[in-house]
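Here is the structure we will look at.
The values are calculated or read from the model by the stated rules, or taken from the named source; none is laboratory data. These figures come from a predicted structure and were not determined experimentally. Every residue, glycine among them, receives a Cβ derived from its backbone with ideal geometry; neighbour counts consider all protein chains shown. Side chains included, ligands, DNA and RNA excluded: accessible areas come from the protein's heavy atoms. Shrake-Rupley method; radii C 1.70, N 1.55, O 1.52, S 1.80 Å.
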Amino acid sequence: MNTGTGRRVVVIGAGITGLTTAHRLMVDRPGLEVTVLEAAPVAGGRLVTTPFAGLPVDEGADSFLTRVPWAADLCAELGLSDELVSPSARSASLWLDEQLRPIPTGSVLGLPLDPATVQPGLLPATDLERLTGPGIPDQPLPAGTGPAGDLSIGEVIRSCAGPGVLERLVDPLLGGVNAGMADEMSCALMAPQFLRAARSDEGLLATLRLAAAGADPTAPVFNTHPAGMAHLVATLVERLGERIRTNQRVLTISAVGDTWQIGLDSGTEMADAVVVTTPAPAAATLVEAVCPVAATTLRGVRHASVSLAAVAYRRSDLEVPADQSGFLVPRGSDMLMTACSFAGSKWSHLDDGEHTILRVSAGRIDDDRSSHMDDDTLVSTLRRDLSTTLGVEADPTAVRVTRWPDSLAQFPVGHRREMAEMLLALSHDAPGLFVTGSAHNGVGIPTCVRSGNDAAAAVSELLG
Ligand SMILES: Cc1cc2nc3c(=O)[nH]c(=O)nc-3n(C[C@H](O)[C@H](O)[C@H](O)COP(=O)(O)OP(=O)(O)OC[C@H]3O[C@@H](n4cnc5c(N)ncnc54)[C@H](O)[C@@H]3O)c2cc1C
């Protein structure tokens, strides 16, 4: 094995993407000197767990998808697999028509595959009728953008399943992933299985039904660690040791011959390769001087701002169904709240028997009202929404507000192609400088882990 002895790699940002990149390089290329420079006082980025009402309640991401392998594989490599837990409650609802209505069981990203699971009145009769068929589009789907023939999720679902399915089910479910709008989301990136199935001769629904028939319906969809997602961060931090340096904001990157100079408040660092894993706006600033084309593309990525309030009630004041993980609020309601997770029903380690703990979200790409509210107004507005939806009027025993400004990247149609072109420009103008992170392939933790693995592989290839 070529270990890359004597060469130095600097990873900028110690979120899950940067930590994975550094971990992969440390394990696969032990001869490389790896340094992670993180602006914040602690590593983790959007993975933050702090005690709330005496329990480890996440302030950002609280779990990861297990239907794709990358995060689960990383946990296995770190020896965490046996400690991971899956949700105790698997059903969720939508706030529709002034009531909580169950999301049809067996839906794929909100798309019901079996009309019998759709509660009466949930969908218009024409849409319900269509769900009994194969899901062939009304008109042949347009050619779309790029080699994947990308279309928006809205276009695909409207043509193959109907507008009611889109607006009342798929848009709220997918909007929950990145606070985006299905009509503006790249289907190739956010739901490639929909695009492939919609373009098949058999039709969207028939193809997805066939795929679902082979899947185990009891297999867990999400995993977390009972100490919170920060435990994954802590495990990586422990392995990486002194390679991680916090309170180190990178200000500039410039080329010096074949190497890179990284400018910090405290001085400069040199590297043979640099991997930028910061959010896209920060990455744009860092690469501006060496690749203006890449900077323009990165600066153009839109982000939604979200606010997340953890709210604890005495169990005697609020009880929520033990078999429900929470509910989503579709756009178009007059509420601020976009989602409410029943933390103690979802995760048994967050059920102390005495409190009901909720995680209540606000903010979408087309609704930044919460960003302009102070904490008191935000909390009182969310409490009004909780009173409407759950009927709770009592004072909470604890409240914690976390702000995530410009935190969730949006992926319009053609995003993949734009990113590929940006990376091509970067490799031409700035060989040895890599940019990755949640604005590239998707915001989910597994995708960020995969991006970190890929960045490490690209560095390994460069350094031979
Ligand atoms: C409220 C919320 C809930 C979420 N829930 C889930 C969920 O349940 N499941 C899921 O899979 N995903 C979820 N996500 C998405 C997921 O958490 C993120 O996409 C992922 O953690 C991003 O990781 P990252 O390493 O790419 O970026 P980040 O976590 O943003 O890390 C980037 C790091 O770069 C640092 N940095 C920035 N500028 C500089 C600089 N100039 N110099 C040095 N360092 C710098 C930052 O301080 C930060 O630590 C959620 C996101 C949010 C906001």
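Considering only residues in the stretch 22-38 that are within 20 Å of G263 (Cβ to Cβ) and open to solvent by 20 Å² or more (accessible area, probe 1.4 Å), the one that is farthest from the ligand (Cβ to nearest atom) turns out to be E33.
When A283, A322 are checked against the criterion of being away from the ligand (no atom under 12 Å from the Cβ) and either of a type outside the set (D, E, K, R) or not assigned by TED's automatic domain parsing to the domain that holds G353 (or both), a single residue qualifies: A322. Given the criteria within 16 Å of the ligand (Cβ to nearest atom) and in contact with a Ser or Thr (Cβ under 6 Å, 6 or more places away or on another chain), does G363 qualify? So G363 fits the description; yes. Of all residues in the stretch 345-354, exactly one satisfies the criterion of being over 12 Å from S63 (Cβ atoms) and open to solvent by less than 40 Å² (accessible area, probe 1.4 Å), namely S345. So which of L131, L19, L100, L84 is within 12 Å of the ligand (Cβ to nearest atom) and aliphatic (A, V, I, L, M)? Going through L131, L19, L100, L84 in turn, the sole match is L19.
Checking D58, D97, D73 one by one, the residue that is acidic (D, E) and over 18 Å from the mean Cα position of the chain (by Cα) is D97 and no other. Hey, among A394, A362, A420, which residue is open to solvent by 40 Å² or more (accessible area, probe 1.4 Å) and among the aliphatic types (A, V, I, L, M)? Exactly one residue qualifies, and that residue is A420.
Across the stretch 151-164, a minimum of one residue is classified as within 16 Å of A188 (Cβ to Cβ), buried (at least 19 other Cβ atoms within 10 Å of the Cβ) and touching a residue at least 60 places away in the same chain (Cβ under 8 Å).
The residue list V233, V237, V311 contains one member that is more than 14 Å from the ligand (Cβ to nearest atom), modelled with pLDDT of 95 or more, surrounded by 18 or more Cβ atoms within 10 Å (Cβ to Cβ) and closer than 30 Å to L350 by Cβ, which is V311. The condition of being buried (at least 20 other Cβ atoms within 10 Å of the Cβ), in contact (Cβ under 8 Å) with a residue 40 or more places away in the chain and over 30 Å from S361 (Cα atoms) holds for only one of F411, F434, that being F434.
Can you find a residue in the stretch 449-461 that is modelled with pLDDT of 95 or more, within 16 Å of the ligand (Cβ to nearest atom), touching a strand residue (DSSP E or B) at 6+ places or on another chain (Cβ under 6 Å) and charged (D, E, K, R)? No, every residue in the stretch 449-461 fails to be modelled with pLDDT of 95 or more, within 16 Å of the ligand (Cβ to nearest atom), touching a strand residue (DSSP E or B) at 6+ places or on another chain (Cβ under 6 Å) and charged (D, E, K, R). Only one of the listed residues (T50, T35) is polar (S, T, N, Q) and either under 26 Å from L264 (Cβ atoms) or at pLDDT below 95 (or both). That residue is T35.
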